[in-house]
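The values are calculated or read from the model by the stated rules, or taken from the named source; none is laboratory data. Everything quoted here is computed from the prediction, not taken from an experiment. Backbone-built Cβ (ideal geometry, glycine too); neighbour counts: all protein chains shown.
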Amino acid sequence: MPCDASAPDGPPGVEAVVEPVAITTLIPAYNAAAYLERAVDSAIRQSSPPDEILVVDDGSTDATAEIAASLGPPVRVVRHDRNLGLAAARNTGIRAAKGDWIALLDADDLWYPAKLERQRDAIRRATGDVGVVFCLTRITAADGTRWVDCDDVPPPQRDPDGFMTALLRKNAISGSGCSPLVRRELLLQVGGYDESLRTCEDWDLWLRLARLARFLRVDEILCEGFARAGGLSLELDRLLDDARTVLRRHLPAFVPDPAAVRDLERHALALIGAYVASLRRSAA
């Protein structure tokens with residue numbers, strides 16, 4: 001299956017050809033002045049730093065663009081003259097990036113120091129072409145509750161079928177906005193993020209990539225994300241509408257039985273409702 005990726009060493013006596021892993025950290029930012037510098041600093045302080053840090057200011061009305069510009073190299077800033085949304089900001093960054101790999105980092109999240117080093121090592125050890133490398137992410141809710149995102153999902157390199165089943169039920173990429181490292185050429189090949197989606201755009205992207213790319217997970221907690229009250233994730237009606245669009249777009253390609261498709265859709269929507277309810281309770 002496309003998501004199967006193993007990582008053994010090469011044959012004895014054969015020296016592997018190690019290609020450089022050139023990485024652009026992509027940070028979409030909209031009115032993120034309160035926390036952008038923290039995210040950028042977590043990228044700069046990597047034990048294996050990125051080759052560039054690209055901040056896409058999505059038409060902010062606060063000091064986001066000025067803060068980003070003040071940070072200097074390796075930070076580069078691209079601006080939208082109006083707010084176009086997260087998917088559009090990420091697509092702008094993908095097109096403008098100089099690296100062969102895109103490391104996603106939302107402006108309100110952060111990386112732990114060894115994040116890129118562990119992912120680079122995983123790419124170099126892997127056999128076959130790997131398209132997406134992600135890691136585990138610790139999430140902190142508004143009330144201080146913490147958990148590891150998607151820790152119930154099996155790693156794709158050890159259980160590809162189990163991983164795909166999980167990905168069809170929910171966005172099973174731990175820390176979708178701060179964890180994944182993705183080959184830029186693949187992102188361009190599939191057309192990037194769907195800008196018609198205001199939510200679930202990352203889930204839609206992973207399902208498109210799963211048809212042609214191998215996925216690999218580094219089983220360490222290397223990112224921290226923050227579940228904030230008032231975000232799009234709490235707008236349940238919009239979230240459910242977008243989720244239905246994604247599910248109806250992709251489930252038939254992976255699941256031939258129409259009855260199983262309906263069951264998966266019901267299960268996925270119920271999971272989303274339960275998750276949003278838990279976030280609302282934490283924000284109360």
Out of (1) more than 22 Å from I173 (Cβ to Cβ); (2) modelled with pLDDT of 95 or more; (3) outside any strand (DSSP E or B), the one P73 does not meet is (2)
Selected residue [at pLDDT 95 or above, in contact with an Asp or Glu (Cβ under 8 Å, 6 or more places away or on another chain) and part of a helix (DSSP H, G or I)] from A43, A39: A39
Does segment 76-84 include one or more residues that are more than 19 Å from L188 (Cβ to Cβ) and in contact with a Pro (Cβ under 7 Å, 6 or more places away or on another chain)? no
Among the helices (runs of 4 or more DSSP H) confined wholly to segment 198-284, which include 2 or more residues that are modelled with pLDDT under 95? 236-254, 258-283
When you look at R280, is it within 24 Å of A142 (Cα to Cα) and either surrounded by 15 or more Cβ atoms within 10 Å (Cβ to Cβ) or in contact (Cβ under 8 Å) with a residue 60 or more places away in the chain (or both), yes or no? no
If the requirement is being in contact with a Cys (Cβ under 8 Å, 6 or more places away or on another chain), buried (at least 23 other Cβ atoms within 10 Å of the Cβ) and modelled with pLDDT of 95 or more, which of these qualifies: W111, W101? W111
For segment 69-93, name all the residues that are out of contact with any Phe, Trp or Tyr (no Cβ under 8 Å at 6 or more places or on another chain), among the hydrophobic types (A, V, I, L, M, F, W, C), within 19 Å of E52 (Cα to Cα) and crowded, with 16+ Cβ neighbours inside 10 Å. L71, V75, V77, V78
Just checking, how many residues over segment 28-65 are closer than 19 Å to P180 by Cα and aromatic (F, W, Y)? 0
Whichever residue in segment 47-67 is of a type in the set (D, E) and in a loop (DSSP other than H, G, I, E, B) and, among such residues, is farthest from the chain's Cα centre (by Cα): D62
